[in-house]
């Protein structure tokens, strides 16, 4: 049996892998894409598995400790993980204060709201937002991960290449400010991705420029901090 099984693709997943490597604790790291795998490339004792897994695929894996460090908005993946293992340690991100932002429960509400708004929109929700927002392609600049899969999704949805920013974050306040300003954005559409996702830097840049901020609400979750997950690993 493997000692640690980590589901990730986020900065938390990378740090968990680094922690295991540093303490010479063998681990399997499951990520959906090549981009996520690069974060753990070359780490000693880390067996990286690439590919999207369903509940049946997960049932073939086993470990003393299973950690779910997937993105807080990847709820379907977390549900599969919880259904596949008796005990799962969920690493939860702390939400940032969005009291001065417009908050929306789902993408349908965002689309309905956008139909009442004018001006350019800067979207930092990744390629998953491409199809839901496709009717606004002439107003949107979309920041996505620099992967062929993400780029293809956006191009197939009708986005022009000059409206796509393929870069790996998180980004500084200065970088966000430059991007928002260059695009003449009047609206920022984003997720409450927490400190690890550079959320506060996006908000600060938007506020400095007077850009209206619309946030897709983070699904409710319970779990432990990254530091507590480190402690659980050391207890093995």
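The values are calculated or read from the model by the stated rules, or taken from the named source; none is laboratory data. Quick caveat: nothing in here was measured; it's all calculated off a predicted structure. For neighbour counting, all protein chains shown are included, and Cβ atoms are generated from backbone atoms with ideal geometry for every residue, glycine included.
Here are the numbers:
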quantity	calculated
Hits in region 17-36 - residues which are under 18 Å from residue 72 (Cα atoms) and either under 16 Å from the mean Cα position of the chain (by Cα) or loosely packed, with under 14 Cβ neighbours inside 10 Å (or both)	30, 31, 32, 33, 35, 36
Neighbours by Cβ (under 6 Å, 6+ apart or cross-chain): first from region 156-181, in the same structural domain as residue 134 (by TED's automatic domain parsing); second part of a loop (DSSP other than H, G, I, E, B) and modelled with pLDDT of 95 or more	157/130; 157/131; 158/137; 159/137; 180/211
Matching residues in region 27-46 - criterion: being in contact with a strand residue (DSSP E or B) (Cβ under 7 Å, 6 or more places away or on another chain) and closer than 19 Å to residue 85 by Cα	27, 28, 29, 30, 31
Test for residue 144: is it surrounded by 15 or more Cβ atoms within 10 Å (Cβ to Cβ) and within 17 Å of the chain's Cα centre (by Cα)	yes
Residues located in region 186-202, provided they are in contact with a strand residue (DSSP E or B) (Cβ under 6 Å, 6 or more places away or on another chain) and part of a helix (DSSP H, G or I)	202
Matching residues, region 222-231, being surrounded by 15 or more Cβ atoms within 10 Å (Cβ to Cβ) and either assigned by TED's automatic domain parsing to the domain that holds residue 184 or modelled with pLDDT under 95 (or both)	223, 224, 226
Residues located in region 191-220, provided they are under 30 Å from residue 64 (Cβ atoms) and exposed (fewer than 15 other Cβ atoms within 10 Å of the Cβ)	195, 219, 220
Complete set of residues in region 147-190 that are at pLDDT below 95, under 20 Å from residue 107 (Cα atoms) and surrounded by fewer than 17 Cβ atoms within 10 Å (Cβ to Cβ)	none
Which listed residue is modelled with pLDDT of 95 or more, out of contact with any helix residue (DSSP H, G or I) (no Cβ under 7 Å at 6 or more places or on another chain) and either assigned by TED's automatic domain parsing to the domain that holds residue 191 or surrounded by fewer than 19 Cβ atoms within 10 Å (Cβ to Cβ) (or both), from 99, 112	112
Candidate set: region 66-79, residues that are surrounded by 20 or more Cβ atoms within 10 Å (Cβ to Cβ) and outside any loop (DSSP other than H, G, I, E, B); chosen: the one farthest from the chain's Cα centre (by Cα)	66
